[in-house]
Amino acid sequence: MNRIVLILIALVAMASLVAPASARPHHQPRHAAPAAAGQPGQHQYIVIQDFNPRLFDSAARTARDAVRLGNVADFRIVLAARGVLLAIPPITTVQRGVSDILRANPRIHLIACREVVSALASAAHRQPPLLPGTQVLPCDGLHAAMERAGWEPAPGF
């Protein structure tokens, strides 16, 4: 039991040290023009940088509702820094509900930052298990690339 707790503490410490280089500080203005609400073909995303199961559940439900209503064509939930721990089961009870939402909606994509997953893998000496369907992509420049491609932050997040 103590060994598992120590490993989890080490994983959290490693995840908190690695922050995505593409994350925009909150004080910088957004330069993208807002798109019309309800316009089909939109691409929206949410970035979660903290270990916050409530926010993770809320993001998944927001994505599910946006896809069901036809407001967006694709939705990404990007887990960066300590947020990557939300994709490692079985830490929280929220993960089962999020997995069900992701499985039922193929247009919702869960992305974990490769830099953080690599740091966790080197600290634990093995690849961490991730929720089914989780894509591991490099986050260095991901935010800028998504904005250039027309992705917009989800309203309210």
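Since every read-out is calculated from the coordinates, none of them should be taken as a lab result. Note that the structure is predicted; figures quoted are calculated from it, not measured. All Cβ positions, even for glycine, are placed from backbone atoms using ideal geometry, and neighbour counts span all protein chains on display.
Expressed in nm², what is the orientationally averaged projection area of the convex hull enclosing the Cα positions of the range 36-157? If you can, show how the numbers build up before the last one.
Values: hull surface 28.2 nm².
One quarter of the hull surface, i.e. the mean projection, equals 7.0 nm².
If we count other beta carbons within 10 Å of each Cβ, what is the order of 114, 64, fewest first? Please report the intermediate quantities before stating the final value.
Values: 114 16, 64 19.
Sorted ascending by nearby Cβ count, the order is 114, 64.
Within the range 79-104, whose backbone N sits under 13 Å from a point 7 Å along Cα→Cβ of residue 50?
Under 13 Å, as judged by backbone N against the label point of residue 50, lie 82-83 of the range 79-104.
Taking the Cβ of each residue in 77, 108 as the centre, tally the other Cβ atoms inside 10 Å and list the residues starting with the fewest.
Working: 77 29, 108 23.
If I rank by nearby Cβ atoms, fewest first, I get 108, 77.
Within a 10 angstrom radius of the beta carbon, how do 139, 113 rank from fewest other beta carbons to most?
139, 113
Please compute the modelled spin-label separation between residue 105 and residue 73, points set 7 Å along Cα→Cβ, answer in nm with one decimal.
About 1.7 nm separates the two model spin labels.
Tell me the relative contact order for the range 37-157 as a rounded percent, counting alpha carbon contacts under 8 Å between residues six or more apart.
Working: 201 pairs, mean separation 35.7, N = 121.
Across the range 37-157, relative contact order equals 30 percent.
If you place +1 on the Cβ of every Lys and Arg and -1 on the Cβ of every Asp and Glu, how big does the dipole about the Cα centre of the range 63-157 come out, in debye to the nearest 20?
On the way: 10 positive and 7 negative charges, 55 e Å.
Around 260 debye, computed over the range 63-157.
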